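The values are calculated or read from the model by the stated rules, or taken from the named source; none is laboratory data. Nothing here was measured: the structure is a model prediction, and the numbers come from that model. Here Cβ is always computed from backbone atoms with ideal geometry, including for glycine, and neighbour counts include all displayed protein chains.
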Amino acid sequence: MTAVASDRPPDGRTAIGRGMEQFHHPRPVCTGRGPTFRPTPQRERLTAGLTGRVVEFGAGDGVKLACYPPQVREIVLVEPDPFLRAAAEGVAGGVPAEVSIVGGHPAKAPMEDASCDAVVHALSLCCCASLERTLAEARRILRPGGRLRFYEHVRSANPVVAMTESLVGPLWARASGGCRPGRDPVAAIQAAGFALEHLDRFTFQHVSHVLGAAVLTPERP
């Protein structure tokens, strides 16, 4: 495990750009620089109210590390790509929280059972090989009552667009880092035993998205 920690104020924000949620989905994570630096509305809602130890899957370029609220004491980024892990380490030194940047996959995270307060998926569920295994892994590492935060694009509610997404899905996945545009992550999250706390649906660049929060419910008998 590579650990980078600092108690310095996040003055490194003056040197970073808008950042990206994921390398294959380069949505910005912040706006402004220096005193005008702030998370985008989507990133702010994604992480609002989080505390304790948070695990996020997918490093992007690491700028998202500077967008977490101060109540988060530890951030663990799980990223399989060594290039992106190295990019994130360049930002981690300017973040007041303790930061660990580790290798791993959404369906096999290097964390102990019930060791995290929250799991964040931002434009990463679309690329995982199996939603069921990925969400089961989130259940495994979350403490009882832990939170799942997610920001994902979803299958369109328009039947014609949804059919097109299904038809182009295999080719799109090859060209876009494994992204599968026809998935319904909300249904999968509920089927995995999470209870929705809130859910917003919106369109970004003509693509349907969801941004929401769910809580881990007790194990079903």
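Structure data summary
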| read-out | value |
| --- | --- |
| Identity of the residue in the range 17-74, closer than 21 Å to PHE202 by Cα and hydroxyl-bearing (Ser, Thr, Tyr), that ends up surrounded by the fewest Cβ atoms within 10 Å (Cβ to Cβ) | THR31 |
| Residue check for SER130: more than 14 Å from GLU56 (Cα to Cα) and among the hydroxyl-bearing types (Ser, Thr, Tyr) | yes |
| Verdict on ARG73 being modelled with pLDDT under 95 and charged (D, E, K, R) | no |
| Number of the condition not met by GLU98 [criteria: (1) surrounded by fewer than 18 Cβ atoms within 10 Å (Cβ to Cβ); (2) out of contact with any Asp or Glu (no Cβ under 7 Å at 6 or more places or on another chain)] | (2) |
| Test: residue in the range 48-56 that is β-branched (Val, Ile, Thr), under 12 Å from the mean Cα position of the chain (by Cα) and more than 13 Å from TYR151 (Cβ to Cβ) | yes |
| Elements of type helices (runs of 4 or more DSSP H) contained in the range 126-221, each with 2 or more residues being loosely packed, with under 14 Cβ neighbours inside 10 Å and either in contact with a Phe, Trp or Tyr (Cβ under 6 Å, 6 or more places away or on another chain) or at pLDDT 90 or above (or both) | 131-141, 185-191 |
